[in-house]
Amino acid sequence: MNSVIAPKGFLFSTAEAAIKKPGRKDLALIYSEKEAVVSGMFTMNNIKAAPVKLDMKRIKSGKGQAIIVNSGNANACTGGQGMKDALEMTALTAKTLGLKQGDVYVCSTGVIGTPMPMERIQPKITELAGNLGKAGIDDVAAAIMTTDTFQKAISKKIKINGTAVTISAVCKGAGMICPNMATMLCFIMTDANIDRKALDTALKNAANKSFNRITIDGDMSTNDTVLIMANGLACNKPIKTNSKDFEIFAKALSGMTYELSKMIVTDGEGATKLIEIEVKNAKNDNDAEKAAFAVANSMLVKTAIYGNDANWGRIMAALGYSGISIKEEKTDIFLNGLKMVSKGMGTGKDKEANERLKSKEVKIVVALGLGKGAAKVLTCDLTEDYVKINAEYRT
């Protein structure tokens, strides 16, 4: 029995196409029995994979009914043939399901610069359509993994004006994680009845507080995509912006995407620790975010945390070069509740701080004493295994 609940009207299937290597399911299909309202967010990298370019065009309609996803090959930097392959994947999916081609989205993740093995993918699309309903959300989560070490899926039930609504999501990501978004794919499905403007707003707000606030290695992917489909089959009163129902939906969505973000960072390639950086009392929110990312992206901070060395000087240095307004004599730093720095100077508690670093979850709080700006960023430590995984990624 699958542990993640599917919203009404969504069916799933997976197949093995041996895209990178045999022995695992690497192709997945997400299907809504009714045309859904669709919203999406995509990588900010100027080099975009063919599926991203195609989906960015189709998302303008605000509608969709199916998503076909593969792992093992990014279909990025593959020229005109790459776009032909992305189009063919959607065309075959649409034909087998009896849909309009524009209602099918395609996403890919994996090795960049390698042509898609369409001779192996083509026959599996018919298989996917024939097996709809035989797989669950957890199976989709497994099929889209690359260097991930565990499946990432979540679901939540909420009440909208007395009507039960389900939101479910899967994502993948462990490396090349850096805003904006973070090699990340995320597919969110809901049976909520919600208009497009409200869905766009809810997704943007949720991503800005979660997927856009995580960093593992400072590298931005060519394929990052978040898609949300809302088919309305819960039959709740339509959700519109600036309403109590919208607040309930948006809060639930933001909570789910933050939990998924924590899963991604926890599964950072070679990571042993989840790290949350909170900067508060900054001059403004923008400064707080810049400061948090400077600390989170510091290789010296990340390696020190891996080695259980509470080297707060590295944190101070990162804050100093972050480009924000800062006054050394007003800066305090806390590590898992322990005050390491007071007014810019050490408190002499490094030994105790080193012990607290042995925890699997580390929280660093920086108080700048300059205003009300605040931000949180999630990251992880940097280990020898990160180098090993990425040195051998294509072999």
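Derivation of every value follows stated rules applied to the coordinates shown; laboratory data play no part. Note that the structure is a prediction, hence the values are computed from the model and not measured. Ideal geometry is used to build each Cβ from the backbone, glycine not excepted, and the neighbour counts take in all protein chains shown.
Side notes on the structure shown:
- Residue order, fewest to most surrounding Cβ atoms within 10 angstrom, among S298, S254, S61: S61, S254, S298
- Candidates per trypsin sites (Lys or Arg not before Pro) in region 122-167, loop by DSSP, up to 15 other Cβ within 10 Å: K134
- 23 Å Cα-Cα threshold exceeded, pairs from K60/K159; K8/K60; K156/K290; K8/K251; K8/K157: K60/K159; K8/K60; K156/K290
- Estimated FRET transfer efficiency (D309, K134; beta-carbon r; R0 30 Å; 0.05): 0.05
- For the chain: Kirkwood Rh in Å [reciprocal of mean 1/r, alpha carbons]: 21.7 Å
- In this simple spin-label model, placing a label point 7 Å from the Cα along the Cα-to-Cβ direction at both R24 and N284 gives a separation of 4.4 nm.
- Only Lys, Arg (+1) and Asp, Glu (-1) charged, at Cβ; the chain dipole about Cα centre in debye: 900 debye
- Extending 7 Å from the Cα toward the beta-carbon at both S243 and S325 defines two label points whose distance is 4.1 nm.
- When V38, V4 are arranged by Cβ crowding within 10 Å, least crowded first, meaning fewest neighbours, the order is V4, V38.
- The residues L300, L274, when put in order of fewest to most other Cβ atoms within 10 Å, stand as L300, L274.
- FRET efficiency for the L338 to T126 pair, using the beta carbon distance and R₀ = 41 Å, is estimated at 0.10.
- Computed Rg/Rh of region 274-391, alpha carbon atoms with Kirkwood Rh: 0.97
- Positive-end extreme of charge dipole, region 274-391 - chosen from F293, M316, A374 (charges on Cβ): A374
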